[in-house]
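Visitor: I have a structure here, written as C-alpha cells, and I will follow up with some questions on it.
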Amino acid sequence: MRNRRHALTIPPASSALAGCGISCSDMDSRSGDVVDLLGRVPVFSTLERSDLERIAAVSVPRAFEPGQAVFREGDASDTCYIVREGHARAVRSHGDGRTITLATFGPGDIFGELAMFEDERRSATVEAIDAMSVIGVLGGDMRRLMSEHGEISMRLVVALGRRLRETNERLSRQSFQTVQSRVAGVLGDLVQQSIDAGSPGTDVLVTATQADLAQLAGSSRESASRFLAVLERAGVISQGRGRLIVHDPEALKQYVF
C-alpha cells in the first residue's frame, strides 16, 4: 500500500478541485488549520513552519466513533496520529481479562509516534472515548521527509529529548507523591486537556472512570475512590457514571505536592 501511495501522481490544483465544490481558499484554510494543529504538538514544537507545512501536505484526516479502536496491540506500526477533536485512551489487556489504562489523549496530543521512526508492533491498543477526529501521518512519509530535510530530523531529536527528560522528571516526582497527590495531578492534567480543547475554566467535564483515574495515577481503585469522595464532599467535583465535573480546577492544586 505504501508503494502505491507514493506512486500516485497528484494533478494540478486547478484540475484536482474542478467540479468537487472545494475552492482553493477552502483548501488553503484547511491546510493552515493542520499546520497550526501540528505546531501545538510538543514533538513538533522545534520545527519551522515550513517543516510543519511539509508534514501537513502528507497528512490524512480520519474519524472514529466512541469505542472504536484506532489500532490494536500487536498491529503493525505504520502511522502516527494527532488528535483534532475528541479524546482517546491507550489500554493494555492481560490474560485474565483485565484492562489497564496507560494514557489518555485530547486535542493537540500525538500517539503512535514511534511509527515515525520504525515499523514495530503496537505495544498497546488505542480507542476513541468519544467521537474523535485525527490526522494521520504514515511513517514512510515521515521518514522520507526526514531523509530529504535533515533539519527536521535534528529538530525532532531535540524535541524528543525534551519530552523524555520531562517524563523522567514526572516519574521521579510521582515516586515521592501520595496517592491523593497523584490522583489530583492526573485529574488536573485531564482538566487542562479539556480547557485546551475549548472548555470553560470552571465546571470542566472529564470523561474518565474511577478505574481510569486510578490506573493513570498508579493507585488502587479503592484508594482513588476514597480521595474522589473527599473532593466531592469539598465541592471540588461532582461524580457521574464514567465522568465527573471539576467545579474548581484551581482547588486541585492544593492537593498536589
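Visitor: Among the numbered conditions (1) of a type in the set (S, T, Y); (2) assigned to a helix (DSSP H, G or I); (3) surrounded by fewer than 16 Cβ atoms within 10 Å (Cβ to Cβ), tell me where S238 comes up short.
Guide: For S238, the exception is condition (2).
Visitor: While we're looking at this one, here's another question. Condition first: crowded, with 16+ Cβ neighbours inside 10 Å and of a type in the set (D, E). Now tell me which residues in segment 204-235 satisfy that.
Guide: Selection gives D212 alone.
Visitor: Looking at segment 79-96 only, could you name the residues that are open to solvent by less than 60 Å² (accessible area, probe 1.4 Å) and not in a strand (DSSP E or B)?
Guide: G86, H87, listed by residue number.
Visitor: I would also like to ask the following. If the requirement is being out of contact with any helix residue (DSSP H, G or I) (no Cβ under 9 Å at 6 or more places or on another chain) and among the charged types (D, E, K, R), which of these qualifies: R84, R62, R40?
Guide: Going through R84, R62, R40 in turn, just one is out of contact with any helix residue (DSSP H, G or I) (no Cβ under 9 Å at 6 or more places or on another chain) and among the charged types (D, E, K, R): R62.
Visitor: Among the residues of segment 189-206, which ones are of a type in the set (D, E, K, R) and either touching a strand residue (DSSP E or B) at 6+ places or on another chain (Cβ under 9 Å) or at pLDDT 85 or above (or both)?
Guide: Passing the criteria: D189, D203.
Visitor: Here is a follow-up. Can you tell me which residue is least open to solvent (accessible area, probe 1.4 Å) among those in segment 26-57 that are assigned to a helix (DSSP H, G or I) and modelled with pLDDT under 85?
Guide: The selected residue is G32.
Visitor: Regarding A103, is this residue touching a Cys at 6+ places or on another chain (Cβ under 6 Å) and either small (G, A, S) or not in a helix (DSSP H, G or I) (or both)?
Guide: no
Visitor: Oh, and also: Take segment 60-71 and flag every residue that is modelled with pLDDT of 95 or more, in a loop (DSSP other than H, G, I, E, B) and not acidic (D, E).
Guide: Result: Q68, single match.
Visitor: So, D212, is that one modelled with pLDDT under 90, of a type in the set (D, E) and in contact with a strand residue (DSSP E or B) (Cβ under 9 Å, 6 or more places away or on another chain) or not?
Guide: Yes: the conditions hold for D212.
Visitor: Any chance segment 153-164 includes a residue that's open to solvent by less than 50 Å² (accessible area, probe 1.4 Å), hydrophobic (A, V, I, L, M, F, W, C) and in contact with a Cys (Cβ under 9 Å, 6 or more places away or on another chain)?
Guide: no
Visitor: Output the residues belonging to segment 106-119 that are among the hydrophobic types (A, V, I, L, M, F, W, C) and open to solvent by 30 Å² or more (accessible area, probe 1.4 Å).
Guide: Result: L114, F117.
Visitor: Return the residue satisfying two criteria in turn: it lies in segment 241-251 and is open to solvent by less than 40 Å² (accessible area, probe 1.4 Å) and either under 24 Å from G67 (Cβ atoms) or touching a strand residue (DSSP E or B) at 6+ places or on another chain (Cβ under 7 Å) (or both), and of such residues it is modelled with the highest pLDDT.
Guide: Going through the qualifying residues, I end up with V246.
Visitor: In segment 122-158, what residues are of a type in the set (S, T, Y) and in contact (Cβ under 8 Å) with a residue 12 or more places away in the chain?
Guide: Within segment 122-158, S123, T125, S133 meet the criteria.
Yes or no, residue by residue, for (1) closer than 30 Å to Q254 by Cβ; (2) small (G, A, S); (3) open to solvent by less than 80 Å² (accessible area, probe 1.4 Å):
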site: T101; (1), (2), (3): yes, no, yes
site: R121; (1), (2), (3): no, no, no
site: T125; (1), (2), (3): no, no, yes
site: I129; (1), (2), (3): yes, no, yes
site: M132; (1), (2), (3): no, no, yes
site: L145; (1), (2), (3): no, no, yes
site: E148; (1), (2), (3): no, no, no
site: D196; (1), (2), (3): yes, no, no
site: G201; (1), (2), (3): yes, yes, yes
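Visitor: Could you grab me the full set of residues in segment 83-103 that are β-branched (V, I, T) and closer than 13 Å to A211 by Cα?
Guide: Result: V91, T99, I100, T101.
The values are calculated or read from the model by the stated rules, or taken from the named source; none is laboratory data. Values in this document were obtained by computation on a predicted structure and should not be read as measured data. Positions of Cβ are backbone-derived with ideal geometry, glycine not excepted, and every protein chain shown enters the neighbour counts. Accessible surface areas use protein heavy atoms only, side chains included; no ligands, DNA or RNA. Shrake-Rupley method; radii C 1.70, N 1.55, O 1.52, S 1.80 Å.
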